[in-house]
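Beneath this line is the structure, given in structure tokens, with notes to follow.
The values are calculated or read from the model by the stated rules, or taken from the named source; none is laboratory data. Predicted model only: the values in this text are computed from it and were never measured. Methodologically, a virtual Cβ is constructed for each residue, glycine included, from the backbone with ideal geometry; neighbour enumeration extends over all protein chains shown. These area figures cover heavy atoms from the full protein model, side chains too; ligands, DNA and RNA do not enter into them. Shrake-Rupley method; radii C 1.70, N 1.55, O 1.52, S 1.80 Å.
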Amino acid sequence: MDLRSGIQSALNAQGPHADAVADLTWVMIYGGAAIFALVLALAAYALWWPRRRAWMGNRRFVLAAGFVFPLVTLTALLVYTFAVARSIVVFPDEPDLRVEIIGEQWWWRIHYLDQGGRVEFATANELVIPAGRSIELTLRAADVIHSFWVPSLAGKLDMIPGHTNRLRISASRPGVFRGQCAEYCGGPHALMGFYVIAREPGAFEAWRAAQREPARAPIADALRHGRTLFLASCASCHTVRGTSAEGTRGPDLTHVGGRMSIGAATLPNNQDTLAKWIAASQHLKPGNLMPSMNIYTGEDLRALAAYLEGLD
Ligand code: CUA
């Protein structure tokens, strides 16, 4: 496995903040390996040439190698580590974009904020950002402690109930990066993933303008039937702007059809997986807060899934 090419690898750093963490990692790995090799070489020397090892017992050598060297090396490493940690959370400049992310059991509520800090629109489980820009994430938790980690773009930061943490992320180039909740938060914690999608700034602005719009009204009969079923069964938990569905317990589905995945990066997003998710949510992600809506089968289920897929 090539750790430097994965979409969820801290060694495949794709932004300045992740670069700093990856550099620190390599300094530790190469530095640790070099010191370990040196110690092994000295031990081998002492074992194989017992008559020539007397100098190793010299008081000055023991002091230098056993006390001064570790003191200097570990102190330097400590200062370097603090500097990297600080560079991840402290910033002198203003961000280009602010996004609030709230950890929920077991998904991510995402609010894009305007200049005044007001919520412009909500989405879920997929953070779209402009490449080459600095994004400030406001991290909060709705229920228990979660941890926001997108290894290719930034360090890891916890989401703590009643507390707000701030994290900067930045992608050097367009691409798709996977993130994962990194703090055990109960039940399907392992299935609490997400994607960060970095786009060219122009494409990002177009996406953002489209996200601000309410959902398009369906024209085809089957889709209208799907919407009727959605409003009857799903509206108390989900919002679709432009309809009477205004529930806030679950993810905002106004533009769900345009997302890569469903169930917080659990399944790819298409009509088939949407239908399966609706009918067997508890089977696909056991313990999640959405009941399996197995009252819908056949034509009804297809219409409901088609309606959701059409919300792009
Ligand atoms: Cu959220 Cu683990």
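Some observations on this one:
- Computed P(r) (all Cα pairs; the range 3-46; 10 Å bins; percent): 27, 34, 21, 15, 3
- Gyration tensor (alpha-carbon) shape descriptor, the range 97-212, a/c threshold 1.5: prolate
- Accessible surface, per residue, of the range 97-212 when the full set of protein chains is kept, probe 1.4 Å, Å²: 36
- Once the 1.4 Å probe is applied to the protein heavy atoms, the range 221-309 comes out at 47 Å² accessible per residue.
- Coupling constants for the range 30-47 follow from the phi torsions by the Karplus curve (6.51 cos²θ - 1.76 cosθ + 1.60, θ = phi - 60°), and in residue order they are 5, x, x, 5, 5, 5, 4, 4, 4, 5, 4, 4, 5, 5, 5, 4, 5, 6 Hz; glycine and proline get x.
- log₁₀ of I(q)/I(0) at q = 0.16, 0.19 Å⁻¹ - the range 221-309, Debye sum with one point per alpha carbon: -0.56, -0.83
- One decimal place: the segment residue 74-residue 36 gains 12.2 nm when fully extended, by the rule 0.36 nm per residue minus the C-alpha distance.
- The chain - convex hull of the alpha-carbon atoms, volume per residue in Å³: 165
- The Cα atoms of the range 16-89 give a gyration tensor whose axes a ≥ b ≥ c have a/c of 1.5 or more with a/b no greater than b/c, which makes the shape oblate.
- Here the Karplus curve 6.51 cos²θ - 1.76 cosθ + 1.60, taken at θ = phi - 60°, turns the phi angles of the range 7-19 into couplings of 7, 9, 9, 5, 7, 9, 6, 10, x, x, 6, 5, 4 Hz, with x standing for Gly and Pro.
- Less than 5 angstrom separates the built amide H of residue 168 from those of 137, all sequence-distant by 5 or more or on a different chain.
- Portion, in percent, of the accessible area of the chain that falls on carbon or sulfur, probe 1.4 Å: 61
- Neighbours of residue 180 by Cβ distance under 14 Å: Lys/Arg scored +1, Asp/Glu scored -1, total -1.
- With K and R counted +1 and D and E -1, the other residues having a Cβ less than 14 Å from that of residue 238 yield a net charge of +2.
- Whole-Hz couplings from phi, Karplus 6.51/-1.76/1.60, listed for the range 219-226; x for Gly and Pro: 9, 5, 4, 4, 5, 5, 5, x
- Most mobile listed residue (219, 110, 262) in the chain, GNM with C-alpha springs under 10 Å: 219
- Full-stretch length increase - residue 5, residue 145 - with 0.36 nm per residue and alpha-carbon distance subtracted: 47.4 nm
- Here's how it looks for residue 200: its modeled amide H is under 5 Å from those of 131, which are all 5 or more places away or on a different chain.
- Cleavage-rule hits, chymotrypsin sites (Phe, Trp or Tyr not before Pro), the range 145-229, DSSP coil, Cβ neighbours within 10 Å at most 13: 184
- Label-to-label distance for residue 299 and residue 217 is 2.4 nm, based on points extended 7 Å past Cα in the beta-carbon direction.
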